[in-house]
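Trainee: Mind looking over this structure? Questions follow.
The values are calculated or read from the model by the stated rules, or taken from the named source; none is laboratory data. Here the structure is a predicted model, which is why all the values come from computation and not from measurement. So basically every Cβ, Gly included, is an ideal-geometry build from the backbone, and we count neighbours across all protein chains shown.
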Amino acid sequence: MLAFAVSSVGVILCSATVVFWARSYPGADHVYVQLPGFVERGQGREPVTRSVVVSSSRGSVWVQVTDTETRVPEGRARPAPPALIFHAYRSPGPWAVDTGGWGNSREAFAGFARGTGSFVAPGAASELRYVVVPHWCPAAATACVGWPVVRALFRRARRRDPGACPACGYDLRATPERCPECGMAAGAPER
(Lines give C-alpha, C1' and ligand atoms only; values in the text may rest on other atoms or scores of the structure.)
Protein backbone atom coordinates (compact mmCIF):
# COMPACT_ATOMS: atom_id res chain seq x y z
CA MET A 1 0.00 0.00 0.00
CA LEU A 2 2.88 2.38 0.79
CA ALA A 3 4.42 1.69 -2.62
CA PHE A 4 1.11 2.54 -4.29
CA ALA A 5 0.88 5.80 -2.30
CA VAL A 6 4.46 6.79 -3.20
CA SER A 7 3.84 5.96 -6.85
CA SER A 8 0.60 7.98 -6.81
CA VAL A 9 2.48 10.99 -5.46
CA GLY A 10 5.02 10.44 -8.25
CA VAL A 11 2.27 10.59 -10.87
CA ILE A 12 0.90 13.82 -9.37
CA LEU A 13 4.37 15.41 -9.20
CA CYS A 14 5.15 14.36 -12.76
CA SER A 15 1.89 15.89 -13.98
CA ALA A 16 2.58 19.13 -12.10
CA THR A 17 6.14 19.27 -13.49
CA VAL A 18 4.87 18.86 -17.04
CA VAL A 19 2.28 21.63 -16.50
CA PHE A 20 4.93 24.02 -15.14
CA TRP A 21 7.23 23.00 -18.00
CA ALA A 22 4.59 24.02 -20.54
CA ARG A 23 3.82 27.24 -18.60
CA SER A 24 7.50 28.18 -18.44
CA TYR A 25 7.79 29.30 -22.07
CA PRO A 26 5.21 32.11 -22.37
CA GLY A 27 5.90 33.42 -18.84
CA ALA A 28 7.56 32.59 -15.55
CA ASP A 29 6.27 31.38 -12.19
CA HIS A 30 8.14 32.46 -9.06
CA VAL A 31 8.02 31.61 -5.38
CA TYR A 32 9.92 34.01 -3.13
CA VAL A 33 10.66 33.28 0.52
CA GLN A 34 12.60 35.62 2.81
CA LEU A 35 13.93 34.34 6.10
CA PRO A 36 15.90 35.95 8.88
CA GLY A 37 19.18 34.13 9.41
CA PHE A 38 22.72 34.30 10.66
CA VAL A 39 26.10 33.74 9.06
CA GLU A 40 29.32 32.83 10.90
CA ARG A 41 31.98 35.54 10.81
CA GLY A 42 35.31 35.89 12.57
CA GLN A 43 33.81 37.74 15.57
CA GLY A 44 30.67 35.58 15.82
CA ARG A 45 27.29 35.32 14.18
CA GLU A 46 26.10 38.22 12.03
CA PRO A 47 22.40 38.63 11.14
CA VAL A 48 21.57 38.37 7.44
CA THR A 49 18.44 38.27 5.33
CA ARG A 50 18.26 35.05 3.34
CA SER A 51 15.99 35.05 0.33
CA VAL A 52 15.19 31.98 -1.72
CA VAL A 53 13.62 32.32 -5.15
CA VAL A 54 12.38 29.29 -7.08
CA SER A 55 11.41 30.15 -10.65
CA SER A 56 10.12 28.16 -13.59
CA SER A 57 11.11 29.79 -16.87
CA ARG A 58 12.35 28.84 -20.33
CA GLY A 59 12.00 25.11 -19.69
CA SER A 60 14.12 25.18 -16.53
CA VAL A 61 13.75 25.46 -12.77
CA TRP A 62 15.96 28.13 -11.21
CA VAL A 63 16.75 28.03 -7.50
CA GLN A 64 18.52 31.14 -6.24
CA VAL A 65 19.64 31.72 -2.65
CA THR A 66 20.86 35.18 -1.66
CA ASP A 67 22.28 36.20 1.73
CA THR A 68 22.18 39.98 2.20
CA GLU A 69 23.91 41.68 5.07
CA THR A 70 22.66 45.23 5.58
CA ARG A 71 25.03 47.57 7.37
CA VAL A 72 24.21 50.69 9.30
CA PRO A 73 26.69 53.59 9.08
CA GLU A 74 28.66 52.65 12.22
CA GLY A 75 29.42 49.22 10.72
CA ARG A 76 27.15 47.07 12.90
CA ALA A 77 24.86 44.70 11.08
CA ARG A 78 21.15 45.49 11.17
CA PRO A 79 19.00 42.51 12.20
CA ALA A 80 16.90 40.86 9.53
CA PRO A 81 13.14 41.38 9.64
CA PRO A 82 11.63 39.01 12.21
CA ALA A 83 8.80 37.79 9.98
CA LEU A 84 8.81 35.17 7.29
CA ILE A 85 7.85 36.60 3.90
CA PHE A 86 6.28 34.28 1.31
CA HIS A 87 5.22 35.54 -2.10
CA ALA A 88 4.17 33.62 -5.23
CA TYR A 89 3.60 35.42 -8.51
CA ARG A 90 3.70 35.05 -12.30
CA SER A 91 5.61 37.37 -14.59
CA PRO A 92 4.47 37.84 -18.20
CA GLY A 93 7.74 37.11 -20.03
CA PRO A 94 10.57 34.61 -19.79
CA TRP A 95 12.91 35.25 -16.88
CA ALA A 96 16.43 34.17 -16.03
CA VAL A 97 19.02 34.91 -13.39
CA ASP A 98 21.04 37.75 -14.83
CA THR A 99 24.52 37.58 -13.36
CA GLY A 100 25.40 40.87 -15.04
CA GLY A 101 29.10 40.10 -14.96
CA TRP A 102 29.31 39.73 -11.17
CA GLY A 103 28.53 36.01 -11.05
CA ASN A 104 30.62 32.93 -11.66
CA SER A 105 28.53 30.59 -13.81
CA ARG A 106 29.60 27.02 -14.36
CA GLU A 107 27.64 25.65 -17.30
CA ALA A 108 27.29 21.93 -17.57
CA PHE A 109 25.47 19.85 -20.16
CA ALA A 110 21.82 19.48 -21.16
CA GLY A 111 20.61 22.68 -19.53
CA PHE A 112 22.10 22.21 -16.06
CA ALA A 113 24.03 25.11 -14.54
CA ARG A 114 25.20 26.45 -11.20
CA GLY A 115 26.86 29.63 -10.16
CA THR A 116 27.91 31.93 -7.39
CA GLY A 117 28.42 35.62 -7.08
CA SER A 118 28.69 38.51 -4.71
CA PHE A 119 27.96 42.18 -5.04
CA VAL A 120 28.24 45.23 -2.82
CA ALA A 121 25.79 48.09 -2.91
CA PRO A 122 25.80 51.14 -0.65
CA GLY A 123 24.86 49.81 2.78
CA ALA A 124 24.51 46.15 1.80
CA ALA A 125 26.61 43.19 0.75
CA SER A 126 25.08 40.11 -0.88
CA GLU A 127 26.26 36.64 -1.74
CA LEU A 128 24.32 34.70 -4.38
CA ARG A 129 24.19 31.00 -5.24
CA TYR A 130 21.99 29.50 -7.91
CA VAL A 131 21.26 26.16 -9.56
CA VAL A 132 19.45 25.58 -12.85
CA VAL A 133 17.79 22.22 -13.58
CA PRO A 134 15.88 21.59 -16.83
CA HIS A 135 12.26 20.52 -16.38
CA TRP A 136 12.84 17.21 -18.17
CA CYS A 137 14.98 15.97 -15.26
CA PRO A 138 12.37 16.14 -12.46
CA ALA A 139 9.68 15.06 -14.96
CA ALA A 140 11.67 11.92 -15.82
CA ALA A 141 12.50 11.18 -12.18
CA THR A 142 8.90 11.50 -11.00
CA ALA A 143 7.66 9.53 -14.02
CA CYS A 144 9.93 6.64 -12.99
CA VAL A 145 8.52 6.77 -9.46
CA GLY A 146 4.95 6.91 -10.76
CA TRP A 147 5.31 4.21 -13.41
CA PRO A 148 4.08 1.32 -11.19
CA VAL A 149 0.74 3.08 -10.62
CA VAL A 150 0.21 3.76 -14.30
CA ARG A 151 1.16 0.17 -15.15
CA ALA A 152 -1.20 -1.23 -12.50
CA LEU A 153 -4.09 0.92 -13.74
CA PHE A 154 -3.61 -0.25 -17.32
CA ARG A 155 -3.33 -3.89 -16.24
CA ARG A 156 -6.47 -3.59 -14.11
CA ALA A 157 -8.39 -2.03 -17.01
CA ARG A 158 -7.21 -4.77 -19.35
CA ARG A 159 -8.28 -7.50 -16.89
CA ARG A 160 -11.79 -6.06 -16.62
CA ASP A 161 -12.46 -6.91 -20.26
CA PRO A 162 -15.04 -9.74 -20.03
CA GLY A 163 -13.63 -11.62 -23.01
CA ALA A 164 -9.97 -11.48 -21.85
CA CYS A 165 -7.79 -13.85 -19.83
CA PRO A 166 -7.54 -12.55 -16.23
CA ALA A 167 -3.85 -13.51 -16.05
CA CYS A 168 -2.40 -12.15 -19.29
CA GLY A 169 -5.22 -10.24 -21.02
CA TYR A 170 -5.32 -12.43 -24.14
CA ASP A 171 -8.60 -12.38 -26.10
CA LEU A 172 -10.50 -15.60 -25.21
CA ARG A 173 -13.48 -15.29 -27.59
CA ALA A 174 -12.14 -18.06 -29.86
CA THR A 175 -11.05 -20.42 -27.02
CA PRO A 176 -13.20 -19.68 -23.95
CA GLU A 177 -12.21 -22.84 -21.99
CA ARG A 178 -8.38 -22.29 -21.89
CA CYS A 179 -6.04 -19.40 -22.70
CA PRO A 180 -3.73 -20.32 -25.61
CA GLU A 181 -1.23 -17.65 -24.50
CA CYS A 182 -0.56 -18.62 -20.86
CA GLY A 183 -2.49 -21.91 -20.50
CA MET A 184 -4.79 -20.73 -17.72
CA ALA A 185 -8.10 -22.62 -17.46
CA ALA A 186 -11.32 -20.60 -17.66
CA GLY A 187 -12.39 -21.25 -14.06
CA ALA A 188 -8.88 -21.13 -12.51
CA PRO A 189 -8.06 -18.37 -10.02
CA GLU A 190 -5.97 -15.46 -11.26
CA ARG A 191 -2.18 -15.65 -10.74
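Trainee: What's the total number of residues in the stretch 9-40 that are touching a helix residue (DSSP H, G or I) at 6+ places or on another chain (Cβ under 8 Å), surrounded by 15 or more Cβ atoms within 10 Å (Cβ to Cβ) and assigned to a helix (DSSP H, G or I)?
Mentor: Qualifying residue count for the region: 7.
Trainee: Let me ask something else. Do we find that residue 133 is in contact with a Gly (Cβ under 6 Å, 6 or more places away or on another chain) and at pLDDT 75 or above in this structure? Break it down stepwise before answering.
Mentor: Values: in contact with a Gly (Cβ under 6 Å, 6 or more places away or on another chain): no; at pLDDT 75 or above: yes.
No, not satisfied.
Trainee: Restricting the stretch 47-96 to residues that are assigned to a strand (DSSP E or B) and at pLDDT below 70, which is nearest to the chain's Cα centre (by Cα)?
Mentor: In the first step, residues of the stretch 47-96 are kept if they are assigned to a strand (DSSP E or B); the result is 47-57, 60-71, 77, 85-91.
Those left that are additionally at pLDDT below 70: 70-71, 77, 86.
On the way: 70: 31, 71: 35, 77: 35, 86: 18 Å.
Step by step, filter the stretch 47-96, then rank; the result is 86.
Trainee: Is it the case that the stretch 100-108 has a residue that's under 27 Å from residue 28 (Cα atoms), part of a strand (DSSP E or B) and at pLDDT 80 or above?
Mentor: Taking the stretch 100-108 and keeping what is under 27 Å from residue 28 (Cα atoms), we get 100-108.
Next cut, part of a strand (DSSP E or B) only: 103-107.
Filter once more, keeping what is at pLDDT 80 or above: none.
Looking through the stretch 100-108, none of the residues is under 27 Å from residue 28 (Cα atoms), part of a strand (DSSP E or B) and at pLDDT 80 or above.
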